[in-house]
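The structure under discussion appears below in the form of structure tokens.
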Amino acid sequence: MSIEVRNLSKQFGTFAALRDVSLEVRSGELLALLGPSGSGKTTLLRVIAGLDVADAGQVLFQGEDATDQHVRERQVGFVFQHYALFRNMTIFENVAFGLRVRPKDVRPPDAEIRERVHELLKLVQLDWLAERYPHQLSGGQRQRIALARALAVEPKVLLLDEPFGALDAKVRKELRSWLRRLHDDMHITSVFVTHDQEEALEVADRVVVMNEGRIEQIGTPDEVYENPASPFVYEFLGNVNLFHSRLHRGRAWIDGIEVDAPEHAEAEELAAVAYVRPHDIEVDRVAQGEAALAARVTHVLSVGPIVRLELIREDSEDKNPIQVEISKERFRELQLVRGDQVFIKPRRFDLFPNRIH
Amino acid sequence: MNATTLPTTARVRRTRATQEPAWVRWSLIGLTLAFLTLFLFVPLILVFYEALKKGTDVYFAAIIEPDALSAIRLTLTVAAIAVPLNLVFGVAAAWAIAKFEFRGKNLLITLIDLPFSVSPVVSGLIYVLIFGLQGWLGPWLAEHDIKVIFAVTGIVLATVFVTVPFIARELIPLMQAQGTEEEEAAVALGANGWQTFSRVTLPNIKWGLLYGTILCNARAMGEFGAVSVVSGHIRGSTNTLPLHVEILYNEYNFAAAFAVASLLALLALVTLALKTMVESRITQPKENANEHRSA
């Protein structure tokens, strides 16, 4: 089932959690709402679920207006960050809850409920915990039960609020790929909230990057990572280096290096910032032509397949360190150590004119 | 052998290092025991001793005497009205405070605490000032032939007022700690309001609720000050147990006074026993709740 939100706005006192947000979630996709805390992503999820009410705007399920529908009627499965399992019930009863509270005429018979619950517990691979209580389970187990409980009512959409946020790194990774596989099997339209960019990029079909109550960019993980639409997305998704630049009639000067910038043909003497990913910087021992910056190696981290270098520009005012990532092979070729002089050149970059304040 | 004994000695040493010297420990324990003996155990034993001094016949005669029976009946009636009222109010107030955000919330919490900070005699007087013959509503009530002061109604009102905080105060921190997520989960799963309350909220607060109710009941039956002001001490009609004890004592009828007092003392003991039982149940779910949140 597809979800559409139109022009949602929501204020908490003087804090604007959502500012005119519109978004479409395609049927069967796994969508990530990614953003720092306070960006409005959880509020958006809760408004979609019906747990919060927006001040303005609409929520549509499968093209039908659900704005005034109660949570109860929206048939959404909601998974909370802190699981919210019913502490006074066994795991079995937790999962059975959604079926047991149904009105008598649509409630399945006991035997059917039992069968369905055990099916779900098997799906999350925790059938053997049916008679335990939530407090006897580990965090990862609880979150899987929370998911089974949400699935029990056969929801049309699955909404997950920072589902792995409270778990340790290892369990988080396991559950992440498990959720991906589960989604591939079930194809239920799912939206999950996260502040972890790695999680969003790894699991989701599409990523929605949010900031200060607005959507900054929507795209596949590749799109948002490779072609960030704004400085914010650049900085939020992975490491990035900033270079002071100048734009003038389709030419740009990145820290003094002249390059082509055809998309800024109209620019007249414009100050700008160039965003360059650490792996998009070329490093050489000798200057290849004049278009290179002199820098000195201040730090080398050579653990793993990627070698991270920290450089300081030599003849620039800007003394912020530059992060560079090169392959191990390239590192062996260059044989760099701390204190060496190198010449660097951005291979790929994006220019954003300074915002006029 | 060494490997197994070593950690034990190490542990013993560590605990000793962090403990006060023996004489400090023993004098603190001794002081506490002496204080308790002097101010609690001795009076309690004395109540039963005085009550039974003239034999069980006198004791039971004092209890089944019509005025005493009437006092017992009245006390039970008042508690039977006041406790359920406060049960409903306490749950509602705690629910509102713990699960919703609204203006004036702090004021409401302060108001709930008011009966704790106001002297019971003053709260009784407030009712006399409102409902008494010379009070604000006095003439109107007299016109309609409704009697509040010097009647059972007034006693109930005063008791309700004095016992308001017990249940609400017990539930508010408990419900605040539990948050609203479980209720939200229940509603999202399709539960209606009553199902959410009866299957999720109520089971989570049941021990706290019972604990508050026990304390509330004890206070409702034992309240003296507020009730004394509004009751008018009419024998066989508006006398509760504590008031009856006072009257008997003032009439130098010590054996009977102590006999009736022993009933209240028994109530206290039963309350304590129940309270201890509930407390041991309450701490377990609380621990679980903490674990549940921190994990």
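Confirm whether B:Val164 is touching a Pro at 6+ places or on another chain (Cβ under 6 Å) and touching a residue at least 24 places away in the same chain (Cβ under 8 Å).
Yes: the conditions hold for B:Val164.
If I go through the stretch A:133-158 residue by residue, how many of them are within 12 Å of another protein chain (Cβ to nearest Cβ) and open to solvent by 40 Å² or more (accessible area, probe 1.4 Å)?
Residues flagged as within 12 Å of another protein chain (Cβ to nearest Cβ) and open to solvent by 40 Å² or more (accessible area, probe 1.4 Å) within the stretch A:133-158 amount to 5.
Among the residues of the stretch A:22-44, is there at least one that is part of a loop (DSSP other than H, G, I, E, B), closer than 20 Å to A:Asp205 by Cβ and in contact with a His (Cβ under 7 Å, 6 or more places away or on another chain)?
Within the stretch A:22-44 (the criterion being part of a loop (DSSP other than H, G, I, E, B), closer than 20 Å to A:Asp205 by Cβ and in contact with a His (Cβ under 7 Å, 6 or more places away or on another chain)), the answer is yes, since at least one residue qualifies.
Looking at (1) open to solvent by 40 Å² or more (accessible area, probe 1.4 Å); (2) within 14 Å of chain A (Cβ to nearest Cβ); (3) among the hydrophobic types (A, V, I, L, M, F, W, C), which is the only condition B:Leu215 fails?
(2)
Please count how many residues of the stretch A:268-297 are polar (S, T, N, Q) and either assigned to a strand (DSSP E or B) or open to solvent by less than 30 Å² (accessible area, probe 1.4 Å) (or both).
0
Within the stretch A:89-127, take every residue that is part of a loop (DSSP other than H, G, I, E, B) and either over 19 Å from B:Asn192 (Cα atoms) or modelled with pLDDT under 90 (or both) and give me the one that is nearest to the other protein chains (Cβ to nearest Cβ).
A:Thr90
Just to verify a result, which residue in the stretch A:53-73, among those that are buried (at least 17 other Cβ atoms within 10 Å of the Cβ) and at pLDDT 90 or above, is farthest from the other protein chains (Cβ to nearest Cβ)?
A:Gly57
Mind checking which pairs have a first residue in the stretch B:183-207 that is under 18 Å from A:Thr90 (Cβ atoms) and in contact (Cβ under 8 Å) with a residue 60 or more places away in the chain and a second that is assigned to a helix (DSSP H, G or I) and among the acidic types (Asp, Glu), Cβ under 6 Å, 6 or more apart or different chains?
Sorted first by the residue in the stretch B:183-207, then by its partner, the list stays empty.
Given the conditions (1) open to solvent by less than 50 Å² (accessible area, probe 1.4 Å); (2) under 28 Å from B:Leu202 (Cα atoms), and given that A:Leu167 satisfies all but one, which numbered condition is not satisfied?
For A:Leu167, the exception is condition (2).
Can you tell me which of (1) without any contact (Cβ under 8 Å) to a residue 24 or more places away in the chain; (2) within 30 Å of B:Thr180 (Cα to Cα); (3) in a helix (DSSP H, G or I) is the one B:Phe102 doesn't meet?
Status for B:Phe102: all satisfied but (3).
Could you say whether any residue in the stretch B:94-101 is touching a Pro at 6+ places or on another chain (Cβ under 9 Å) and open to solvent by 60 Å² or more (accessible area, probe 1.4 Å)?
For the stretch B:94-101, residues touching a Pro at 6+ places or on another chain (Cβ under 9 Å) and open to solvent by 60 Å² or more (accessible area, probe 1.4 Å): absent.
Which of the residues belonging to the stretch B:144-156 are part of a helix (DSSP H, G or I) and either surrounded by 24 or more Cβ atoms within 10 Å (Cβ to Cβ) or in contact with a strand residue (DSSP E or B) (Cβ under 6 Å, 6 or more places away or on another chain) (or both)?
B:Gly154, B:Ile155
Do we have B:Ala191 as over 30 Å from B:Ala218 (Cα atoms) and either in a helix (DSSP H, G or I) or open to solvent by 30 Å² or more (accessible area, probe 1.4 Å) (or both) here?
Judged against the criteria, B:Ala191 is not a match.
A:Val209 - would you say it is buried (at least 22 other Cβ atoms within 10 Å of the Cβ), under 21 Å from A:Gly77 (Cα atoms) and either among the charged types (D, E, K, R) or under 12 Å from the mean Cα position of the chain (by Cα) (or both)?
So A:Val209 does not fit the description; no.
Here are the criteria: (1) buried (at least 21 other Cβ atoms within 10 Å of the Cβ); (2) over 19 Å from the mean Cα position of the chain (by Cα); (3) not basic (Lys, Arg). Tell me which single one A:Ala17 does not satisfy.
If we test A:Ala17 against (1) buried (at least 21 other Cβ atoms within 10 Å of the Cβ); (2) over 19 Å from the mean Cα position of the chain (by Cα); (3) not basic (Lys, Arg), just (2) comes out false.
The values are calculated or read from the model by the stated rules, or taken from the named source; none is laboratory data. This is a predicted model, so every value here is computed, not measured. Every residue, glycine as well, gets a Cβ built from its backbone with ideal geometry; the counts of neighbours run over all protein chains shown. In case anyone asks, the SASA skips ligands and DNA or RNA and just uses the protein heavy atoms, side chains included. Shrake-Rupley method; radii C 1.70, N 1.55, O 1.52, S 1.80 Å.
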